[in-house]
Amino acid sequence: MAHLHPRTELSRESIFAQMSRLAAEHGAINLGQGFPSNPPPPFLLEAARRAIGTVDQYTPPIGLPQLREAVAEDLGVSPQEVIITAGGTEALHALAEALYGPGDEVVLLEPYFDVYIPQARMAGAEPVMVPMRLTDRWEVDLSALEQAITPRTKALLLTNPYNPTGSVLSRTEAEQIVALARRHDLWIISDEVYDELYFAEPPISLRELAPERVFTVGSAGKRLEATGWRIGWILTPPGLAPQVAGMRQWSSFCSAAPLQAAVAEALPVARREGFYEALRQGYKARRDLLESGLKSLGLKTFSPAGTYFLTALLPGLEAEALVREAKVAAIPGSAFYIQNPAPKGLFRFAFCKTEAEIEQALERLEGYLKKVHS
Ligand code: GLN
């Protein structure tokens, strides 16, 4: 009997899809999967309506020229170094295919964002996980990172701002990571899809420190609150964009043409009209609402400096019970670890939801905690 390849063991449901499914089944408030409750801005939606019926056929695999230009303009790079992808996920996949293969290792941090591991394995490479240090905050353990590097290591894969911890690299940390990559001649894949979501200093783009070895991943879905549109990008070191784009031509060929056109129109509008400042203000208020609410329930929280995720300790609680009984969905910390032990009771809450949803989730948690502790 014919059978599927053993690699389909990677096909299991992701924790994000699972928690969203359970949230729907149990009428829970979904602070699990990170997608915004608010709609995308009208200037983006109007641009898309105009583009459908106008820009409908294939674009070049490297992307619609005007979107490559808009991304380049926004990020201060050459359009020659920009590839448009079907979201950040495809960007990361194309990079895995282009950068490593069987026998290679890629060094990542734990807790990690889920797509990194299956993508490394699909490319045949081995992920090597280095745990972040958790004291009162999340920190990169640079000496552990360096110790994890072997002659097989091809790349470091990092997120900044970091999902799920919400931490943002300091300039010193960023410089040390880049110096380490230089010492060992490694590529850096820097997943910067939350680049506009920060609450203190703007994050450093690692590319600025080492344009010759950093691939940056970006996302219009994250920036413009349209995660289902699947429009993302890669900034490559000079000269490498055609080959990396050539890899993605064998999967999706190109991203949705009218949505590329709409994002090309929207990026300069978002910048000009202060859309990101407003976004940050809104998220900061919701972060504070969630964080002060969790703290007032006596829970330990780790304040995020970026992203729309907040980590907290809920010792003794279990994610499925939380969805079923408290009717609040959050991502269990254990889902972000495969090689090292997760801190006990760690959960990630997404606060890209309405204030009403966050308030209601806090009320439900309060009731549930009273019940389990009585
Ligand atoms: N990036 C989002 C999160 O971390 C969504 C993940 C997903 O469903 N692939 O929750």
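For the structure I just gave you, tell me whether residue 56 is away from the ligand (no atom under 16 Å from the Cβ), open to solvent by 60 Å² or more (accessible area, probe 1.4 Å), over 30 Å from residue 365 (Cα atoms) and charged (D, E, K, R).
Yes; evaluated as a whole, the condition is true for this residue.
Yes/no per residue for (1) small (Gly, Ala, Ser); (2) touching a residue at least 12 places away in the same chain (Cβ under 8 Å); (3) assigned to a helix (DSSP H, G or I):
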site: 8; (1), (2), (3): no, no, yes
site: 16; (1), (2), (3): no, yes, yes
site: 59; (1), (2), (3): no, yes, no
site: 63; (1), (2), (3): yes, yes, no
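Residue under question is residue 206, and the condition is that it be more than 13 Å from the chain's Cα centre (by Cα) and either among the aliphatic types (A, V, I, L, M) or assigned by TED's automatic domain parsing to the domain that holds residue 138 (or both); does it hold?
Yes.
If you go through segment 225-256 one residue at a time, how many are open to solvent by 10 Å² or more (accessible area, probe 1.4 Å) and among the small types (Gly, Ala, Ser)?
The total comes to 6.
Quick one: would you say residue 365 is more than 16 Å from the ligand (Cβ to nearest atom), part of a helix (DSSP H, G or I), open to solvent by less than 10 Å² (accessible area, probe 1.4 Å) and not charged (D, E, K, R)?
Yes.
Which of the numbered conditions does residue 47 fail, given that it passes all the others? Conditions: (1) touching a residue at least 60 places away in the same chain (Cβ under 8 Å); (2) within 24 Å of residue 255 (Cα to Cα); (3) surrounded by fewer than 16 Cβ atoms within 10 Å (Cβ to Cβ); (4) more than 14 Å from the ligand (Cβ to nearest atom).
Failing condition for residue 47: (3).
So residue 83 clears everything in (1) open to solvent by less than 30 Å² (accessible area, probe 1.4 Å); (2) outside any helix (DSSP H, G or I); (3) within 16 Å of the ligand (Cβ to nearest atom); (4) in the same structural domain as residue 264 (by TED's automatic domain parsing) except one condition, right? Which one?
Failing condition for residue 83: (3).
Using the structure shown, decide if residue 76 is under 27 Å from residue 279 (Cα atoms) and open to solvent by 50 Å² or more (accessible area, probe 1.4 Å).
Judged against the criteria, residue 76 is a match.
Name the single residue, out of those in segment 228-246 being aliphatic (A, V, I, L, M) and part of a loop (DSSP other than H, G, I, E, B), that is farthest from the chain's Cα centre (by Cα).
Selected residue: 240.
If you take the residues of segment 29-44 that are among the small types (Gly, Ala, Ser) and near the ligand (Cβ under 10 Å from one of its atoms), which of them is nearest to the chain's Cα centre (by Cα)?
Among residues in segment 29-44 that are among the small types (Gly, Ala, Ser) and near the ligand (Cβ under 10 Å from one of its atoms), the one nearest to the chain's Cα centre (by Cα) is 34.
Let me spell it out: the conditions are (1) under 23 Å from the mean Cα position of the chain (by Cα); (2) surrounded by fewer than 23 Cβ atoms within 10 Å (Cβ to Cβ); (3) part of a loop (DSSP other than H, G, I, E, B), and residue 112 meets all of them except one. Which number is the exception?
All conditions are met except number (2).
Answer yes or no: is there a residue in segment 219-227 that is free of Cβ contacts under 8 Å to residues at least 60 places away in the same chain, assigned to a helix (DSSP H, G or I), more than 16 Å from the ligand (Cβ to nearest atom) and of a type outside the set (Lys, Arg).
no
List the number of the failed condition for residue 21; all other conditions in (1) crowded, with 22+ Cβ neighbours inside 10 Å; (2) within 16 Å of the ligand (Cβ to nearest atom); (3) assigned to a helix (DSSP H, G or I) hold.
Exception for residue 21: condition (1).
The values are calculated or read from the model by the stated rules, or taken from the named source; none is laboratory data. All values derive from a computational prediction rather than experimental measurement. Positions of Cβ are backbone-derived with ideal geometry, glycine not excepted, and every protein chain shown enters the neighbour counts. Just the protein is used for accessible areas: all its heavy atoms, side chains included, with ligands, DNA and RNA removed. Shrake-Rupley method; radii C 1.70, N 1.55, O 1.52, S 1.80 Å.
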